[in-house]
1. Rounded to the nearest 0.05, what FRET efficiency do Glu5 and Asn69 have when you use their Cβ-Cβ distance and R0 = 30 Å?
2. Over all pairs of distinct alpha carbons, what does the Kirkwood formula give as the hydrodynamic radius of segment 146-199, in Å?
3. Can you compute the radius of gyration and Dmax for segment 111-194, using only the Cα atoms, both in Å?
4. Give me the net charge for the shell around Asn93: Cβ to Cβ below 13 angstrom, other residues only, Lys and Arg +1, Asp and Glu -1.
5. Using 0.36 nm per residue, how much length does the chain from Glu177 to Leu20 gain when fully extended, once their Cα-Cα distance is taken away?
6. Which value, in Å², gives the accessible area per residue of the chain when a 1.4 Å probe is used on the protein heavy atoms?
7. Identify all lysines with a Cα-Cα distance to Lys196 below 18 Å; exclude those on the same chain that are fewer than 8 residues away in sequence.
8. Give the accessible area for Glu5 in Å² (nearest 10); use a 1.4 Å probe, count only protein heavy atoms, and leave out ligands, DNA and RNA.
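The values are calculated or read from the model by the stated rules, or taken from the named source; none is laboratory data. Every value quoted in this text rests on a predicted model; they were computed, and no experiment measured them. As a convention, Cβ positions derive from the backbone with ideal geometry for all residues, glycine included, and neighbour counts pool all protein chains shown. For the accessible areas, the whole protein counts, side chains as well, though only heavy atoms, and no ligand, DNA or RNA atoms are used. Shrake-Rupley method; radii C 1.70, N 1.55, O 1.52, S 1.80 Å.
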Amino acid sequence: MNKFEQLGLTESLLRAIIDLGFENPTEVQEKAIPMLLEKDIDLVALAQTGTGKTAAFGFPVIQKIDANNRNTQALILSPTRELCLQITNELKNYSKYEKGINVVAVYGGASITEQARDIKRGAQIIVATPGRMQDMINRRLVDISQINYCILDEADEMLNMGFYEDIVNILSTTPDEKNTWLFSATMPAEVARIGKQFMTDPIEITVGAKNS
Ligand code: ADP
Ligand code: MG
């Protein structure tokens, strides 16, 4: 039996997973998905590149948001435009059998007006670089005051790129009750500091060797 069927995912997600050709969950998916689906938790997941982190947060976030509500419910922060587009594309594939889920990518070097318009049409999930997200918040083009989930992807990379202040500012405008899921390959001091400041008793999972 396909091990994905034992993680608690809905029928429509399982169908999308078959289309993707994923046969079995990776280690981080197997550990994170059931926990994220079962309860509202804060999570720190340490796993190297290529271990399947996008689906580890992508499947649960798609399952947990309310497609009938057009407010932005989840924010995913990612270090680069390329990664934002990649994640957005993956999430669109994962949600191909869901109705009414809209994912919008927000990144620099492209029209902020067009991105704002896409958000206004109703984006339950926003995938953003910290710089452009901060810009949009400053210009009141986005409302993340109602989000339930905030995902920090490649947190170590975002902080290496100097996004500490943007991340702190962005997280400060989100509700205290939201859940934060932090994914990182390594755990340098700045990542730990973000975790301490914005997470409540996070569950920590580590895949493979801990290397920082
Ligand atoms: P990470 O974010 O950890 O670097 P990705 O989420 O980008 O990893 O996944 C790396 C690659 O593995 C992608 O091409 C993705 O489609 C593939 N992948 C993810 N999960 C699985 C799975 N369960 N089975 C097969 N391939 C997978
Ligand atoms: Mg990734």
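1. Details: r = 28 Å, r/R0 = 0.93.
After rounding to 0.05, the efficiency reads 0.60.
2. On the way: mean 1/r = 0.0893 Å⁻¹.
Result for segment 146-199, one decimal place: 11.2 Å.
3. My reading of the Cα-based Rg and Dmax gives 13.0, 39 Å.
4. 0
5. Numbers: separation 157, 0.36 × 157 = 56.52 nm, distance 3.34 nm.
Separation in residues times 0.36 nm, less the Cα-Cα distance, equals 53.2 nm.
6. Values: 10020 Å² over 212 residues.
Here the per-residue accessible area is 47 Å².
7. Lys178
8. Approximately 100 Å² of Glu5 is accessible to the 1.4 Å probe.
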